[in-house]
Amino acid sequence: MTRRVLLLASLAVGCATEPSKRPGVGVDTDAQDDTGSAQDTGEQVIPWTQPELLGPEVASDLDPDPTTVQVALTPEPVDFFIDDWRTRNRIEVAGARYNGALPAPLIRASVGDRIVADLDNRLGTPTTIHWHGLAVPFEMDGVAWMGAPVASGDTFRYEYTVQKAGTYWYHPHFDTAAQVDRGLYGVLVVDDPDEPAFDRELVLVLDDWREDQSMPVDASHVHGAHGAEGLWTVNGLVQPKVELTAGERVRVRLLNASNQGYVQLVGTDDWPLVVIARDQGRLPEPETVDREVLAPGDRVELVWSPGADTPDSALEDAPFSLHGGAALGDPEPLLDRIVVGEADAVDALADWPVAPRSASPDPGYTDIHYTFQGSTHTDDWMINGERFPDVTVESVPFGEELVVQVRNVSATHHPFHLHGLHLEVLSRDGVAPEQFTDEDTVDIGLYETIRFRTTADNVGWWMAHCHILPHGDDGMMTVLEVTE
Ligand code: C2O
Ligand code: CU
Ligand code: CU
C-alpha cells in the first residue's frame, strides 16, 4: 500500500479528518488498491485540526418490543486512516468494521432485556461475536471451541438475555488478535433503570495503532515502555476535544479495546478519578483513585462534575511498563476537556446508591490453579505449561463455589479473563481488596498471585485466557468446564 499524505494544513477547509465515517463506506471487499473512502474522490485536503469527540452511534433497535433489542451487525473489511492532527502523521489501516463504524454501534439494553444480534459475515474470512463480560449461554459465547466459526457469507443469530447492569463489549473470538486489531469492537451497555440519571453520558473506546498497522502483529516487538502499541485514539480520533457544561453531571464509560496496549489514567485535584463501576458493574461504594490501569479488555465508569472554575484539562494516560517497575515518559493526552458555562460544580453522587460490602473471606483452599508462564524472548505463552488447544479441561459441577488461584511467573503483566462466569477478587499477593470487587478481566502483575472466588452458575466450556490477544492466540488460553 502506498502512503499519500498531503501536508496542506494552511488550507484548513474540507471534511473532517475523522476516518471513513461517511455513509456507504465499507463495501469494497475486493479492492486492495483502494485506500479507503477518504480518497475515493481523488486527493483529499486534510485540515489537521483537533476533532470534536464523536460517537459511538447507537445501534438501531429493529424490534418494536420494548424488552427486546434487535441489532444487525455486519463486519466488513474497510481501509481507513488514523490522522494525528498534532504531528500531521497519518497511519493507514487495512481494517475492518461492524456496520462501517469505528467503534461499532453501541448496543443499549436494560436489565432483563433480550438481545437478538444478527451477524452477517462479509469479512471474507470466518468470524464470530463474543460478548465480553456477559454470562450468555455457551452456544452464544462466540467461541470456536466445540463448534465452528461463522464462514464468510454466512449468518448467525445470537440471542440471550442480559441480567446485570454494566459496561460490556463485543468482539470476534476467531483469529481474535488480528480481527480486534483491525477495528472490530463495540460497547454493549446494560442500564439499571433504578439508578439516578446523569445529565450526560460519554462512551469512550480507547485503542492504539501502529505505524505499520497492516503488518502482522509481533507481540515481542511492541511491548514498549508504555505497554502500548503507539498512537492512542478515543472513538477512533486522536486527542479529540469535548465541551462539558459547568454544573453538569457526566457519566463516562471507558473501554480499553486495544488488543495489547495498556492505559493508565491519571487523576488530578481538579479532575479526580471518581470510579463508580468496573467490569461487572456498580461498585458497592464509589472510589476516588490517583491512577486507574485499564488492561486490554477492561472497563471503568467515572463521574465528572466540573464547575465554572474547573480548569480545562486533558484526560491523560501515564506511561505503564508491562515489565514492572517505573516507566519513563510524560503522560499523553487522550481527550481534551473544555468547560463552558458559569454554574458551580454539583455533587454528582448525592443520590447515588451506596451499599457497602466487604470482600468475602478467603476460604483457604484452592480448586483450580492457573500458572501463567512464558517469555517475550521466545514468545511462547502458556497456562500450566500447556498451549491452547492442547489443554487439560478442568470440570466442575454446576452450582459449585470455586476458588481459582492465578499465579504469574513471567516477567510481564497478563490480563486474566474468564468467560461465562465472573470473578470476585479475594486477594492480591495475600492482600484483600478494600471492598467487594466483581470483575471479568483482571490484570496480573509480575510474579503476582491473585485469588478469586466464583460460582459455577453457567453450564459450558468457558475460555480462561490472557487478554493480551497475541498471547491468547499464541496459546495462553485454557478451558474451565461447568457440567450440568
Ligand atoms: Cu474479550 Cu475471550 O475475550
Ligand atoms: Cu470474554
Ligand atoms: Cu499475556
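Is it fair to say Asp65 is more than 26 Å from the chain's Cα centre (by Cα), at pLDDT 95 or above and more than 23 Å from Leu206 (Cβ to Cβ)? Yes.
The number of residues in region 255-309 that are open to solvent by less than 20 Å² (accessible area, probe 1.4 Å) and polar (S, T, N, Q) comes to 5.
Residues are listed down the side, and each one gets a yes or a no for (1) under 30 Å from Thr161 (Cβ atoms); (2) within 24 Å of the chain's Cα centre (by Cα); (3) within 16 Å of ligand 1 (Cβ to nearest atom):
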{"site": "Glu394", "(1), (2), (3)": "yes, no, no"}
{"site": "His417", "(1), (2), (3)": "yes, yes, yes"}
{"site": "Arg428", "(1), (2), (3)": "no, yes, no"}
{"site": "Glu448", "(1), (2), (3)": "no, yes, no"}
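Residues that are over 29 Å from Gly281 (Cβ atoms), in contact (Cβ under 8 Å) with a residue 60 or more places away in the chain and under 26 Å from the mean Cα position of the chain (by Cα) within region 337-387 comprise Ile338, Gly374, Thr376, Asp379, Asp380, Trp381, Met382, Arg387, listed in sequence order. Scanning region 426-438 turns up one or more residues that are away from ligand 2 (no atom under 16 Å from the Cβ), of a type in the set (Asp, Glu) and either at pLDDT 95 or above or surrounded by fewer than 23 Cβ atoms within 10 Å (Cβ to Cβ) (or both). Is it the case that some residue within region 450-469 is open to solvent by 10 Å² or more (accessible area, probe 1.4 Å), more than 16 Å from ligand 1 (Cβ to nearest atom), under 24 Å from the mean Cα position of the chain (by Cα) and not hydroxyl-bearing (Ser, Thr, Tyr)? Within region 450-469, one or more residues are open to solvent by 10 Å² or more (accessible area, probe 1.4 Å), more than 16 Å from ligand 1 (Cβ to nearest atom), under 24 Å from the mean Cα position of the chain (by Cα) and not hydroxyl-bearing (Ser, Thr, Tyr).
Here region 87-97 is the region considered, the condition is being at pLDDT below 95 and of a type in the set (Lys, Arg), and the residue that is most open to solvent (accessible area, probe 1.4 Å) is Arg88. Of all residues in region 129-136, at least one satisfies being assigned to a loop (DSSP other than H, G, I, E, B), open to solvent by 40 Å² or more (accessible area, probe 1.4 Å), out of contact with any helix residue (DSSP H, G or I) (no Cβ under 7 Å at 6 or more places or on another chain) and within 14 Å of ligand 2 (Cβ to nearest atom).
Can you confirm whether Phe198 is more than 22 Å from the chain's Cα centre (by Cα) and among the hydrophobic types (A, V, I, L, M, F, W, C)? So Phe198 passes the test. A single member of Asp113, Asp118 is open to solvent by 10 Å² or more (accessible area, probe 1.4 Å) and within 21 Å of Thr155 (Cα to Cα), and it is Asp118. Of Val162, Val150, Val187, Val180, all but one fail to be at pLDDT 95 or above, within 16 Å of ligand 3 (Cβ to nearest atom) and open to solvent by less than 60 Å² (accessible area, probe 1.4 Å); the exception is Val180. Determine whether region 380-388 contains at least one residue that is aliphatic (A, V, I, L, M) and either within 16 Å of ligand 2 (Cβ to nearest atom) or part of a loop (DSSP other than H, G, I, E, B) (or both). There is at least one residue in region 380-388 that is aliphatic (A, V, I, L, M) and either within 16 Å of ligand 2 (Cβ to nearest atom) or part of a loop (DSSP other than H, G, I, E, B) (or both). For Phe398, the conditions (1) within 16 Å of ligand 2 (Cβ to nearest atom); (2) over 18 Å from the mean Cα position of the chain (by Cα) all hold with the exception of (1).
Residues in region 357-370 that are among the hydroxyl-bearing types (Ser, Thr, Tyr) and either within 16 Å of ligand 2 (Cβ to nearest atom) or open to solvent by less than 30 Å² (accessible area, probe 1.4 Å) (or both): Ser360, Tyr370.
The values are calculated or read from the model by the stated rules, or taken from the named source; none is laboratory data. Worth saying up front: this structure is predicted, and the values here are computed from it rather than measured. We place every Cβ from the backbone using ideal geometry, glycine too, and count neighbours over all the protein chains shown. Accessible surface areas use protein heavy atoms only, side chains included; no ligands, DNA or RNA. Shrake-Rupley method; radii C 1.70, N 1.55, O 1.52, S 1.80 Å.
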